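Step one of this worksheet: look at the structure below.
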Amino acid sequence: MRSLGLLGVLLLDCLLSAAVAADNPSPETVLTPPVQNWFPKAPALPYPEEDVVEVSTVDGLIQAVEQAEPGQTILLADGHYLMTRYIEICADRVTLRGASGHRDRVILDGIQSRHGELLGIRACSDVTIADLTIQNIRYNGFKINSDSNVQRLTIHNCIVHNIWQRGVKGVKVPEENRETIRPKGCRVQYCLFYNDRPKQLSDDPADIAQGNYVAGIDVMYAKDWVIRDNVFVGIQGRTFEGRGAIFLWFDSQDCVVERNIIIDCDVGLQLGNPHRADNVRHHCVRCVARNNFITRAPEAGIVTVHTKDCRVLHNTIHDPQSKKNRLIRTVFTNDGLIVANNLLSGPAMSDESNSEIQFLGNLIRDTSAAFADPVHGNLHLTQAAPDVVGEAVVLPKPLPEDIDGQPRDDKADIGADELVSSVDAAR
């Protein structure tokens, strides 16, 4: 059985408190999530000035959400909200956020809910959910009912904890009027997705994959999405064969997945799926995965399946003990795919595609010694590793910045991090 890696390092001190909180929930519960000081830091949202509803109880929250009017802000006081049932936001421009801005102090907990889903969004646009935690639900945490025309949703600075199917789920969009109602312009940013342990059969007895039906973000028919600056830790199936920490499929178009930190998840980024239905020819079209850190993903660091004109650029993937040699994996058709300037600290990639793919400037070699703290997933460069610094292939559209927003040199480095001596030496 594969080692739990960072779960055993980061979560050891908080597993006991998490178990106690689950068995004895109380308003005083404070999370102890696996946070490191180098993780992305969310900018604070401006404080609302008008049309504010303040909430401090579960009943008040349910009423505020169900009676929300367009443009309202629902402010949640710090506390542990033991949800009794599923709720949905159905009004345009609603904001649901923790009042203090501390996401670990506002906890929407589904452990006593009679439903398997926690917080939904239906038939509305420009909703923002921010500065709070959702946890302990059997199926979906944030449920995007994208068959109802949900547009420009933003999920900002949230914790998604112990969700046993999908932390963020965007459902299939029916063919009729699909181009109009498919979910467009959504953002998932500065969020932490983590599970305390691999999924068990008792978490979801109806699991269609024998305990492996689990992922972080799973969205179909997405268009113009940006998924950035998030952290995923321990999204694992029962036998370590779960789905992607980030999983885009069913004709997702023009999406950007960047600057995410993925640690000890069974699959890092999954663009597409071997399964095709509903006359879908390509799962991902013109999607880009760039500047991501991925550490220990046994099924695949990044996998592309049935894609068209996608890009996998300047990612750093670390798994020197990988047994399946799939730090990057390409399967079936990947027409027009470019895989360039990725730093693969491990044994190999696996090209199983029948398409002609451009592999440019990728380095495959154990570079553990060059990283700040690879055990904990910190893959920032700390030294001028041979064949890494200044060795990236020049692309027609070079990436101007790295995973931290630092400018890249004219002779860029391979991987997600650009070595800047004064910055990296301090990490």
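The values are calculated or read from the model by the stated rules, or taken from the named source; none is laboratory data. Just so it is clear, the model here is predicted, and its values are computed rather than measured. Cβ placement follows ideal geometry from the backbone for every residue including glycine, while neighbour counts extend to all protein chains displayed.
Is one or more of the residues making up the range 320-341 hydroxyl-bearing (Ser, Thr, Tyr) and out of contact with any Ser or Thr (no Cβ under 9 Å at 6 or more places or on another chain)? Yes, the conditions are met somewhere in the range 320-341.
Yes/no matrix, rows are residues, columns are (1) within 28 Å of Cys158 (Cα to Cα); (2) among the acidic types (Asp, Glu):
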| position | (1), (2) |
| --- | --- |
| Asp264 | yes, yes |
| Leu271 | yes, no |
| Leu313 | yes, no |
| Ser322 | no, no |
| Asn325 | no, no |
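State yes or no: is Tyr86 within 23 Å of the chain's Cα centre (by Cα) and surrounded by fewer than 20 Cβ atoms within 10 Å (Cβ to Cβ)? In short, yes. Residues that are buried (at least 17 other Cβ atoms within 10 Å of the Cβ) and β-branched (Val, Ile, Thr) were ranked within the range 378-395; the one that is farthest from Arg290 (Cα to Cα) is Thr382. Restricting the range 145-191 to residues that are more than 29 Å from Ile107 (Cβ to Cβ) and β-branched (Val, Ile, Thr), which is surrounded by the fewest Cβ atoms within 10 Å (Cβ to Cβ)? So, considering only residues that are more than 29 Å from Ile107 (Cβ to Cβ) and β-branched (Val, Ile, Thr), the one surrounded by the fewest Cβ atoms within 10 Å (Cβ to Cβ) is Thr180. Of Ile74, Ile129, all but one fail to be of a type in the set (A, V, I, L, M), assigned to a strand (DSSP E or B) and over 20 Å from Leu192 (Cβ atoms); the exception is Ile74. Among residues of the range 306-323 that are hydroxyl-bearing (Ser, Thr, Tyr), those with a Cβ under 8 angstrom from a residue that is crowded, with 24+ Cβ neighbours inside 10 Å and part of a strand (DSSP E or B), sequence gap 6+ or separate chain, pair up as Thr307/Leu271; Thr307/Cys284; Thr307/Asn334; Thr316/Phe293; Thr316/Ile294; Thr316/Leu343; Thr316/Ser345; Thr316/Leu379.
Here Met349 clears all of (1) touching a residue at least 60 places away in the same chain (Cβ under 8 Å); (2) under 15 Å from Ile294 (Cα atoms); (3) of a type outside the set (Lys, Arg) except the condition numbered (1). When Ser202 is tested against (1) touching a Phe, Trp or Tyr at 6+ places or on another chain (Cβ under 7 Å); (2) closer than 25 Å to Thr32 by Cβ; (3) surrounded by fewer than 20 Cβ atoms within 10 Å (Cβ to Cβ), exactly one condition is not met: (1).
Of the residues contained in the range 327-335, one or more are found to be surrounded by 22 or more Cβ atoms within 10 Å (Cβ to Cβ) and either closer than 24 Å to Glu401 by Cβ or small (Gly, Ala, Ser) (or both).
Residues being among the polar types (S, T, N, Q) and surrounded by fewer than 24 Cβ atoms within 10 Å (Cβ to Cβ): count how many of those fall in the range 270-299. Write out each step before concluding.
Just the residues of the range 270-299 that are among the polar types (S, T, N, Q), to begin with: 270, 273, 279, 291-292, 295.
Remaining after also requiring surrounded by fewer than 24 Cβ atoms within 10 Å (Cβ to Cβ): 273, 279.
Residues meeting the conditions: 2.
Within the range 29-54, being within 18 Å of Pro70 (Cβ to Cβ) and either part of a strand (DSSP E or B) or in contact with a helix residue (DSSP H, G or I) (Cβ under 9 Å, 6 or more places away or on another chain) (or both) holds for Val52, Val53. Checking the range 201-214 against the condition returns a match, with at least one residue being under 18 Å from Val160 (Cα atoms), among the acidic types (Asp, Glu) and not in a loop (DSSP other than H, G, I, E, B). When residues of the range 35-64 are filtered for being of a type in the set (Phe, Trp, Tyr) and modelled with pLDDT of 95 or more, how many remain? Residues flagged as of a type in the set (Phe, Trp, Tyr) and modelled with pLDDT of 95 or more within the range 35-64 amount to 2.
Which residues, counting only those in the range 58-70, are under 29 Å from the mean Cα position of the chain (by Cα) and either surrounded by fewer than 14 Cβ atoms within 10 Å (Cβ to Cβ) or part of a helix (DSSP H, G or I) (or both)? Can you show your working first?
Applying the first criterion (under 29 Å from the mean Cα position of the chain (by Cα)) to the range 58-70 yields 58, 61-62, 64-66, 68, 70.
Within the range 58-70, Val58, Leu61, Ile62, Ala64, Val65, Glu66, Pro70 meet the criteria.
Within the range 84-106, the set of residues being under 12 Å from Leu61 (Cα atoms), touching a strand residue (DSSP E or B) at 6+ places or on another chain (Cβ under 6 Å) and part of a loop (DSSP other than H, G, I, E, B) comprises just one member, Tyr86.
Of the numbered conditions (1) among the β-branched types (Val, Ile, Thr); (2) over 26 Å from Asp409 (Cα atoms); (3) surrounded by fewer than 24 Cβ atoms within 10 Å (Cβ to Cβ), Val267 satisfies every one except a single condition; which is it? Only one criterion in (1) among the β-branched types (Val, Ile, Thr); (2) over 26 Å from Asp409 (Cα atoms); (3) surrounded by fewer than 24 Cβ atoms within 10 Å (Cβ to Cβ) is unmet by Val267, namely (3). If a residue has to be surrounded by 17 or more Cβ atoms within 10 Å (Cβ to Cβ) and touching a strand residue (DSSP E or B) at 6+ places or on another chain (Cβ under 7 Å) to count, how many in the range 396-409 make the cut? Count: 3. Could you say whether any residue in the range 236-246 is of a type in the set (Phe, Trp, Tyr) and within 24 Å of Ser322 (Cα to Cα)? Yes: the range 236-246 contains one or more residues that are of a type in the set (Phe, Trp, Tyr) and within 24 Å of Ser322 (Cα to Cα).
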